[in-house]
Protein chains: 2
Amino acid sequence: MQLQEMAKNKTVWLSGEGPESEVVLSSRIRLARNISGKPFPARANRSIQQEILNLVEETVKKTSMSEATFLNLSAPGGLDKIDRQFLMERHLISYEHAQANFVRGVMIGPGEKISMMINEEDHLRLQSLEPGFALNNAWDNLNSLDDELAKFLPFAFSQQWGFLTACPTNTGTGLRTSCLMHLPALVHSEEIEHVLQNLSKIGIVARGFYGEGTKVLGDFFQISNATTLGQTENEIVDNLSRVGKQIIDYEKKSRTKLLTESITKTKTEDTIYRAYGLLANARTITYEETINHLSKIRLGIYLGLNLPVDINILNELLLLAQPAHLQEIANKELSSTQRDVLRAEFIRQKLNKTTKNKIDQKKINKNTT
Amino acid sequence: MQLQEMAKNKTVWLSGEGPESEVVLSSRIRLARNISGKPFPARANRSIQQEILNLVEETVKKTSMSEATFLNLSAPGGLDKIDRQFLMERHLISYEHAQANFVRGVMIGPGEKISMMINEEDHLRLQSLEPGFALNNAWDNLNSLDDELAKFLPFAFSQQWGFLTACPTNTGTGLRTSCLMHLPALVHSEEIEHVLQNLSKIGIVARGFYGEGTKVLGDFFQISNATTLGQTENEIVDNLSRVGKQIIDYEKKSRTKLLTESITKTKTEDTIYRAYGLLANARTITYEETINHLSKIRLGIYLGLNLPVDINILNELLLLAQPAHLQEIANKELSSTQRDVLRAEFIRQKLNKTTKNKIDQKKINKNTT
């Protein structure tokens, strides 16, 4: 394990900032790019994979990302399984990239806003993350890095098809845009099914917490465009921005409804406070249970309930309570049982800190008035 | 509703005092007596029922119980349904006595230690309650009242059968002895089934929280003798004392085991703290859920866990969170939904008081050292 230092930093997607942060945790754009004349990673032998890895690293040094960190995911004695899972938990690499057998790496820009997987399915997978609902910002940032890289790297491009990619579903713009949305009220009211059905009709898909092929946890959904062909980059970004806005409004309306009728209000408050009670008192807890409670508490805070939890602590826990994060912090490999106990302890520590802060703050307010 | 004042007092069986109070909440003796020459209540018309009620009330005034309170359960404009349920929740009258259509009453001695139902199944049902495991004390107290009453009332007695009662199962001594036991560790370890089977073999039965025909709630069991014939009073009392002691030892041994193995320890602590978390945070809660959580927290306190709950508050809640108690305190009839909300609020208030006391106590300790 080598990423203890990184575990101490927050990720941009959990800063709790940005537009519409009540509903949207982060906005993400990724671009798939390949180097002309080189076989796709799955068809390349290890020496070609190494060549590409080196080439990309050298090229990035010539761009505005010259300060970025490069991590080799395949060097012997380098990053281990927990480190790779840790990067996945931070949404910096995909599940496949964590598991794969290729010579491969990841570039991480300052503040983790810009990153790049090298030799995942494509030679380059560029990613831009912004807190809140800010797809245009994310796109602008990534677009300029793409332009910079294109000056040095001959990207595989066809006049007819656009950018060429290992999987045809990415061909064209190579662009995927997504938002990590928190939709507890739509889940609670069971309107979510209806929303997801309508999304699929207009070429938008909903995925789980860690992206493609992963499970929906704690009412967090990744909403993204399904096709990359036949539209310009700006059209794709604008499209998800428009649809995203509709989902945000729908979720907000559902949240208001949760507090208007008296029985629903009691039930909602009961569910939320019970989630807090369990989280603050459990002596052993899985990440899945944790994220479910965090989801409810997050909703409670936005509903204005008087919960003794700071929204920042909430976001921090969403990140740090993940299995590999816990192990990086503990600096040792832990069994699942050990993790569940440590997680519960860690959560209680964090929540107690909030309670103390709130009490101290009350005292300060009292003294100054 | 007329019993608001009484609702403010604690009952003897929840004082948390007495021998073996870790396991035994209360010890109870009851005697069934009938007045010779008068039909049993079920066979008596209302005027005979009234005559008996008057006779008993007048007679009690001549005894050491002269200060006792008499409540008429059938007088028009008198105690209502909630009042009667309230008395049942305090273990002063039976479920049947609360529901019945007879001219009937209840006598309540000082501190609710001695009480008597008049015109339940039998003319007189005398009851003595002691906190903790103290069957002999309870018997001594009731025995002397029985002697006093026998001076004035001609009890139906046969040389061959002993005291005659409406139901043959009570004939003989008319004595039933019982202990309200808290057996969470035996329930948790699933050894309780084995214990209950063995009890039934030796003529001991286990009943629910409110006695015969009621449900087991929160791991609280009423253990009592099944037969009243063929043994002397002292033999019956000694028998349950001996068996009770064995159950106490078995429960205590099981409790110790809960903390010895590390996985069991974590699981036990987790279960107990989660119960606390739910109780302290719920916004709506039934009495059944409440008693289940209180049971676990009670276990936790005796296991030495650092729970922010005072044992007295725990006992108070066990009593006051009951439906009729809540309504007496609120001084109005409430729907089940309203009760669940009020109960949750009431519990939080009580628990917060404990937390504040604990914090204040810590401050005092700090200042004095």
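The values are calculated or read from the model by the stated rules, or taken from the named source; none is laboratory data. This is a predicted model, so every value here is computed, not measured. A quick note on method: Cβ atoms are made from the backbone with ideal geometry, for glycine too, and the neighbour counts reach across all protein chains shown. Surface accessibility is based on the protein's heavy atoms, side chains included, excluding ligands, DNA and RNA. Shrake-Rupley method; radii C 1.70, N 1.55, O 1.52, S 1.80 Å.
With the requirement that a residue be under 19 Å from the mean Cα position of the chain (by Cα) and surrounded by fewer than 19 Cβ atoms within 10 Å (Cβ to Cβ), what does the stretch B:324-342 give you? Those that are under 19 Å from the mean Cα position of the chain (by Cα) and surrounded by fewer than 19 Cβ atoms within 10 Å (Cβ to Cβ): none in the stretch B:324-342. B:SER66 meets the conditions (1) in contact with a Ser or Thr (Cβ under 9 Å, 6 or more places away or on another chain); (2) over 15 Å from B:GLN127 (Cβ atoms); (3) of a type in the set (Gly, Ala, Ser) in every case but one. The failed one is (1).
With respect to (1) in contact with a Pro (Cβ under 6 Å, 6 or more places away or on another chain); (2) closer than 28 Å to A:LEU164 by Cβ; (3) of a type outside the set (Val, Ile, Thr), the lone exception for A:ASP219 is condition (2).
If you take the residues in the stretch B:225-265 that are open to solvent by 10 Å² or more (accessible area, probe 1.4 Å), modelled with pLDDT of 90 or more and in contact with a helix residue (DSSP H, G or I) (Cβ under 6 Å, 6 or more places away or on another chain), which one is farthest from B:SER200 (Cα to Cα)? Checked the stretch B:225-265; the qualifying residue farthest from B:SER200 (Cα to Cα) is B:LYS265.
Consider the stretch B:129-138 and keep the residues that are more than 19 Å from B:TYR210 (Cα to Cα) and touching a strand residue (DSSP E or B) at 6+ places or on another chain (Cβ under 8 Å). The one that is least open to solvent (accessible area, probe 1.4 Å) is B:ALA134.
Looking only at the stretch B:170-202, residues that are charged (D, E, K, R) and under 17 Å from B:SER128 (Cβ atoms) come to 1 in all.
Conditions (1) more than 26 Å from B:SER66 (Cα to Cα); (2) crowded, with 23+ Cβ neighbours inside 10 Å; (3) not aromatic (Phe, Trp, Tyr), marked per residue:
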{"site": "B:ILE82", "(1), (2), (3)": "yes, no, yes"}
{"site": "B:HIS91", "(1), (2), (3)": "no, yes, yes"}
{"site": "B:GLU96", "(1), (2), (3)": "yes, no, yes"}
{"site": "B:ASN119", "(1), (2), (3)": "no, yes, yes"}
{"site": "B:GLN127", "(1), (2), (3)": "no, yes, yes"}
{"site": "B:ASP140", "(1), (2), (3)": "no, no, yes"}
{"site": "B:LYS151", "(1), (2), (3)": "no, no, yes"}
{"site": "B:GLN159", "(1), (2), (3)": "yes, no, yes"}
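Taking the criterion of being in a helix (DSSP H, G or I) and touching a residue at least 60 places away in the same chain (Cβ under 8 Å), the residues of the stretch A:86-128 that qualify are A:PHE86, A:LEU87, A:MET88, A:GLU89, A:TYR95, A:GLY111, A:GLU112. The combined condition, being more than 14 Å from chain A (Cβ to nearest Cβ), within 19 Å of the chain's Cα centre (by Cα) and either farther than 21 Å from B:TYR210 by Cα or of a type outside the set (A, V, I, L, M) (or both), is not fulfilled by B:ASN234.
Taken together, B:THR256, B:THR290 contain a single residue that is of a type in the set (S, T, N, Q) and more than 20 Å from the chain's Cα centre (by Cα), which is B:THR256.
Candidates are the residues of the stretch A:284-309 that are within 11 Å of chain B (Cβ to nearest Cβ) and in contact with a Lys or Arg (Cβ under 8 Å, 6 or more places away or on another chain); the one that is surrounded by the most Cβ atoms within 10 Å (Cβ to Cβ) is A:ILE285.
Of the candidates A:LEU318, A:LEU326, A:LEU342, the single residue that is within 13 Å of chain B (Cβ to nearest Cβ) and under 28 Å from A:MET6 (Cα atoms) is A:LEU342. Screening the candidates A:GLU67, A:GLU17, A:GLU51 for the property of being farther than 24 Å from A:ILE313 by Cα, assigned to a loop (DSSP other than H, G, I, E, B), open to solvent by 40 Å² or more (accessible area, probe 1.4 Å) and of a type in the set (Asp, Glu) yields one hit, A:GLU67.
Please specify each residue of the stretch B:25-41 satisfying the condition of being of a type in the set (A, V, I, L, M, F, W, C) and at pLDDT 95 or above. Correct list: B:ILE29, B:LEU31, B:ALA32, B:ILE35, B:PHE40. Of the set (1) free of Cβ contacts under 8 Å to residues at least 40 places away in the same chain; (2) touching an Asp or Glu at 6+ places or on another chain (Cβ under 8 Å), all apply to B:PRO131 but (1).
Scanning the stretch A:270-277 turns up no residue that is small (Gly, Ala, Ser) and away from every other protein chain (no Cβ under 14 Å). Kindly indicate whether any position in the stretch A:250-269 is assigned to a helix (DSSP H, G or I), touching a His at 6+ places or on another chain (Cβ under 7 Å) and within 12 Å of another protein chain (Cβ to nearest Cβ). No; the residues of the stretch A:250-269 include none that is assigned to a helix (DSSP H, G or I), touching a His at 6+ places or on another chain (Cβ under 7 Å) and within 12 Å of another protein chain (Cβ to nearest Cβ). In this structure, is A:VAL60 touching a strand residue (DSSP E or B) at 6+ places or on another chain (Cβ under 7 Å), in a helix (DSSP H, G or I) and farther than 28 Å from A:ALA226 by Cβ? So A:VAL60 fits the description; yes.
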